[in-house]
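Chemist: First the structure, then my questions, so here it is.
The values are calculated or read from the model by the stated rules, or taken from the named source; none is laboratory data. Being a predicted model, the structure only gives us computed values, none of them experimental. A quick note on method: Cβ atoms are made from the backbone with ideal geometry, for glycine too, and the neighbour counts reach across all protein chains shown.
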Amino acid sequence: MGSKKFNKEFHFSNLIFVISFFLLALFSFNFPNSNYLIFSDNGADSMKIQLGRKLFYDPILSKNKTISCNSCHKQEFAFADTVRFNRGWNGKLLRKNTISLSNLINNEFFLWDGSLKELGKTIFRPIKDSIEMGNSVESLISSLNQSPDYPGLFRKSFGARGIDSSMVVEVMVAFLKSLKSEKSFFKLRMDSIIKASPEGMAKKISQENFPSKIINVLTLCEKCHSGSISYGGSQLKNNGLDFDYGEKKAPENEKLTDSGTLFKVPSLNNVALNAPYMHDGRFNTLEDVVEYYNSGIKLKKFLSEELKINGEPIRLNLDNEEKKMIVDFLKSLTDTNFIKNPDFGKP
Ligand code: HEC
Ligand code: HEC
């Protein structure tokens, strides 16, 4: 009974931990719940999704009718963008990096500061924001009611004359919820493992050939980037970036979370497509992000426990090959079907 055997067992139990997490997540995801029933192929629902999609791509939403949701949330980049900060309706730069949109139904918090808890609340936020779209709900509703095509389309969907703000929210939420991205390379691989017999499963897993150190690191990531197919979206945490509302004065108009320093743990789904990274887009590449978690975490007052060891920020001590494995894992969360799916494109 040498140390070799011990290592093997250690390795295997960790592997089982990670795999069983993902199995659990996948099963809970597949479990039919009321949220998913709205995706049933029911004519009225699909009409609402189509109407929401039309609005998503329509600059009628912005004050000077120049930009749409799609100006910042682009399908080819998993409904985010590849600039650090987008510009709003009158060319002013935003202060936060645009968040990618997929599997939003699995999120418990929205926006970097996690200040919104309902998807419905995210619709008028950009429309009314003075930098983003600069519009008002009243003026949008009146533009829609005066447009040549929207009154008829809404009437078909809702059976009532006249468009009101709750209808706009309903159809746009229907479209946002339809943005499901479930075919990343990683997810497809997991699916094939599930379909295999238990024996086949163990074989496939060992073929993955992740060293135990990598499994341990991914298990750490998963503590915060948790949740079935989003790998994030359900927790607010501090990952130790050198930025602290407690130390720097919060920029004007910026809403703070209760502690003032927590951020939404973002989804890692399609993460390779929407560099730069973090709420302020400070990292240009996934390599930079992994190097940050490897050696750069700062001891901040609000640094979350997951990233501390004995009160000190964690150091992963990964070599170059190990860092590449983590980056490769992140890249395997890319779903190329999602960014090409014509159902989500400009109508
Ligand atoms: C000018 C760029 C811009 C436009 C236009 C824009 N967004 Fe965004 N969107 C952002 C940014 C930046 C964030 C993150 C803001 C924050 O956290 O403070 C964001 C966040 C979101 C989120 C939260 C996602 C999450 O996972 O937390 C949703 C949903 C969203 N936008 C939907 C929309 C919709 C719908 C429209 C059109 C009505 C729209 N956005 C228009 C830039 C934009
Ligand atoms: C303590 C919780 C926590 C742990 C553990 C954690 N993260 Fe994060 N992660 C966050 C938070 C919070 C953010 C957003 C921070 C911000 O923008 O200020 C984030 C952001 C990211 C982003 C940027 C995503 C984007 O779209 O901008 C990537 C990539 C990332 N993490 C990968 C990882 C990896 C890889 C690991 C494991 C090595 C990991 N995270 C471990 C909390 C965590």
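Chemist: What are the residue pairs meeting all of these: first residue in the range 303-320, first residue within 17 Å of LYS223 (Cβ to Cβ), second residue part of a loop (DSSP other than H, G, I, E, B) and modelled with pLDDT under 95, Cβ atoms under 6 Å, and 6 or more apart or on different chains?
Modeler: Close Cβ pairs (under 6 Å, with a partner that is part of a loop (DSSP other than H, G, I, E, B) and modelled with pLDDT under 95) amount to LEU303/ASN238; LEU303/GLY240; SER304/ASN238; LEU307/GLY240; LEU307/ILE297; PRO313/GLY240; PRO313/ILE297; PRO313/LEU299.
Chemist: OK, next. What residue, among those in the range 311-334 that are assigned to a helix (DSSP H, G or I) and not hydrophobic (A, V, I, L, M, F, W, C), is nearest to ligand 1 (Cβ to nearest atom)?
Modeler: Here the residue is LYS331.
Chemist: How many residues are touching a Pro at 6+ places or on another chain (Cβ under 9 Å) and crowded, with 19+ Cβ neighbours inside 10 Å if we restrict to the range 157-189?
Modeler: Summing the residues that are touching a Pro at 6+ places or on another chain (Cβ under 9 Å) and crowded, with 19+ Cβ neighbours inside 10 Å in the range 157-189 gives 1.
Chemist: Another question, if that's okay. How many of the residues making up the range 285-300 are free of Cβ contacts under 8 Å to residues at least 12 places away in the same chain and closer than 23 Å to SER181 by Cβ?
Modeler: So the answer is 1.
Chemist: From the set of residues in the range 288-321 that are within 12 Å of ligand 2 (Cβ to nearest atom) and of a type in the set (Gly, Ala, Ser), which is farthest from VAL265 (Cα to Cα)?
Modeler: Of everything passing the filter in the range 288-321, SER295 is farthest from VAL265 (Cα to Cα).
Conditions (1) among the β-branched types (Val, Ile, Thr); (2) near ligand 1 (Cβ under 6 Å from one of its atoms); (3) touching a residue at least 24 places away in the same chain (Cβ under 8 Å), marked per residue:
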site: SER71; (1), (2), (3): no, yes, no
site: GLN75; (1), (2), (3): no, no, yes
site: ALA78; (1), (2), (3): no, no, yes
site: ASP81; (1), (2), (3): no, no, yes
site: ARG95; (1), (2), (3): no, no, yes
site: SER100; (1), (2), (3): no, no, yes
site: ILE105; (1), (2), (3): yes, no, yes
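Chemist: Using the structure shown, decide if GLU222 is assigned to a helix (DSSP H, G or I), on the phi < 0 side of the Ramachandran plot and at pLDDT 95 or above. Spell out how you get there, then give the answer.
Modeler: Values: assigned to a helix (DSSP H, G or I): yes; on the phi < 0 side of the Ramachandran plot: yes; at pLDDT 95 or above: no.
When the stated conditions are applied, GLU222 does not pass them.
Chemist: If we keep just the residues of the range 269-310 that are closer than 22 Å to LEU101 by Cα and small (Gly, Ala, Ser), which is nearest to ligand 1 (Cβ to nearest atom)?
Modeler: GLY281
Chemist: Hey, among PHE109, PHE39, which residue is more than 30 Å from THR261 (Cα to Cα) and either among the hydroxyl-bearing types (Ser, Thr, Tyr) or modelled with pLDDT under 95 (or both)?
Modeler: Answer to the selection: PHE39.
Chemist: Can I ask one more? Just to be sure I understand, how many residues within the range 190-219 are away from ligand 2 (no atom under 16 Å from the Cβ), crowded, with 16+ Cβ neighbours inside 10 Å and modelled with pLDDT of 75 or more?
Modeler: Looking only at that region, the number is 1.
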